[in-house]
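J.: Take this structure first; my questions come after.
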Amino acid sequence: MDKNIQIDQNLIDYIFSHSKNLHPIQKKLLKYNESLGHNKRLQISILQANFIQFLININNYKSCLEIGTFTGYSTLSMALALPADGYVYAIDKDKKTNEIAVKFFKEAKVNDKIKTEVNNGIEAIKLLRKNKKKFDLILIDADKESYIDYFNYSLKLLKKNGLILIDNTLWKGEVSNLKATDKLTMKLKQFNDHVKKTKINKYILPIGDGFTVCWK
């Protein structure tokens, strides 16, 4: 059996204390999300956001697409890691949370790196495909029912040597529960099976709620 340590909050705090400090506006945004109660679960984990920043830096990426923005923590993290001429195209259907996100982007002085679109995710990426847009990194973190469609379109929008990242693919561990029958768990099981059959390199990282990394 593979060896894995148990990651609890104390260990996460230790990791943060021995890593690069968060930007002041990242901290402010995290504090805001904490006030949202149950909805705070829609935010990507800090470890995942740090990992995305690492990927952007190590690969010198300049263009990111985000499908599912929420209040903008992952978007902000990407923008902070991008060079001056880099950009994030962020799509979300919720106008209210998008307005909140934009306020944080402006406060962090990275709003010139971020283009937001309030729209249905599928319609938005169809238009990007029609306009022949390409991206170095694509993050999928929106409605789980559309994950397969988001993924299939993302394959067409991905630049050579680019990465597709998908959040929530372990779904609190329920994807390995043979007795699970609820709709969202079954959708994520179907999605994981779809990615498994797709001719692309892939790996599921057990951070956050499960983070699938795919590359051509």
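The values are calculated or read from the model by the stated rules, or taken from the named source; none is laboratory data. Model, not experiment: these values are computed from the prediction. Using ideal geometry, Cβ is built from the backbone for each residue, glycine included, and neighbour counts are taken over all protein chains shown. To get the accessible areas, we keep the full protein, side chains included, count just its heavy atoms, and leave off ligands, DNA and RNA. Shrake-Rupley method; radii C 1.70, N 1.55, O 1.52, S 1.80 Å.
J.: Based on DSSP, what percent of beta bridges with both residues in the chain are antiparallel, to the nearest 5?
T.: 35
J.: Ordered by residue, what ³J(HN,Hα) values in Hz, to whole numbers, does the stretch 62-78 give under the Karplus form 6.51 cos²θ - 1.76 cosθ + 1.60, where θ = phi - 60° and Gly and Pro are x?
T.: 10, 9, 10, 10, 10, 10, x, 9, 6, 8, x, 5, 5, 4, 4, 4, 5
J.: Only helical DSSP H runs with n ≥ 4 go in: add -39500 (n - 2.57) per run for the chain, normalise by residue count and round the 222 nm mean residue ellipticity to 500 deg cm²/dmol.
T.: On the way: 8 runs with 92 residues, N = 216.
Computed ellipticity for the chain at 222 nm equals -13000 deg cm²/dmol.
J.: Another question, if that's okay. Under the Karplus relation 6.51 cos²θ - 1.76 cosθ + 1.60, θ = phi - 60°, what is the ordered set of whole-Hz ³J(HN,Hα) values for the stretch 4-16, x standing for Gly and Pro?
T.: 9, 7, 7, 9, 10, 5, 4, 6, 4, 4, 5, 4, 5
J.: Using the Cα gyration tensor of the stretch 4-59, with a ≥ b ≥ c the square roots of its eigenvalues, what is the shape: rounded (a/c below 1.5), prolate (a/b larger than b/c) or oblate (neither)?
T.: Because a/c hits 1.5 or more and a/b fails to exceed b/c, the stretch 4-59 counts as oblate.
J.: Heavy atoms only, 1.4 Å probe, whole protein assembly: order Trp171, Trp215 by accessible area, highest first.
T.: Trp215, Trp171
J.: Taking amide H atoms as placed 1.01 Å from N in the peptide plane, list the residues 5 or more away in sequence, or in a different chain, whose amide H sits under 5 Å from that of Leu158.
T.: Phe135
J.: Under the classification rounded if a/c is under 1.5, otherwise prolate if a/b is larger than b/c and oblate if not, where does the stretch 71-119 fall, given a ≥ b ≥ c as square roots of the Cα gyration tensor eigenvalues?
T.: Details: a/c = 2.14, a/b = 1.58, b/c = 1.35.
Note, shape of the stretch 71-119 comes out prolate.
J.: Could you check how much of the accessible area of the chain is carbon and sulfur, as a whole percent, using a 1.4 Å probe?
T.: On the way: 6560 of 12350 Å².
Here it works out to 53 percent.
J.: Compute the distance from the alpha-carbon center of the stretch 26-86 to that of the stretch 156-216, in whole Å.
T.: Measuring centre to centre over Cα atoms gives 19 Å.
J.: Amide H neighbours of Ala90 under 5 Å, at least 5 residues apart or on other chains, H built in the peptide plane: list them.
T.: Glu66, Lys115, Thr116, Glu117
J.: What does the charge count near Leu29 come to, summing +1 for each Lys or Arg and -1 for each Asp or Glu among other residues with Cβ under 13 Å from its Cβ?
T.: Combined, the nearby Lys, Arg, Asp and Glu give +4.
J.: Going from most exposed to least, what order do Lys144, Lys96, Lys106, Lys40 have by accessible area with a 1.4 Å probe?
T.: From most exposed to least exposed: Lys96, Lys106, Lys40, Lys144.
J.: Name the long-range amide H neighbours of Ile138: under 5 Å, sequence gap of 5 or more, or other chain; modelled H, no Pro or chain starts.
T.: Residues meeting the criterion, in which the H sits 1.01 Å from N, are Leu65, Leu163, Ile164, Leu165.
J.: Separate question: Would you work out the relative contact order for the chain, in percent, from Cα pairs under 8 angstrom that are 6 or more residues apart?
T.: For the chain, the relative contact order is 16 percent.
J.: Give the accessible surface of the stretch 70-216 per residue, rounded to a whole number of Å², with probe radius 1.4 Å and ligands, DNA and RNA excluded.
T.: Computed with neighbouring chains in place, this is 52 Å² per residue.
J.: Using θ = phi - 60° and the Karplus curve 6.51 cos²θ - 1.76 cosθ + 1.60, what whole-Hz ³J(HN,Hα) does each residue of the stretch 24-29 get, with Gly and Pro shown as x?
T.: Karplus values, whole Hz, x for Gly and Pro: x, 6, 4, 4, 5, 5.
J.: When a/c reaches 1.5 or more, the comparison of a/b and b/c decides; with that in mind, is the stretch 132-184 rounded, prolate or oblate per its Cα gyration tensor?
T.: It is prolate, given that a/c is not under 1.5 and a/b is the larger ratio.
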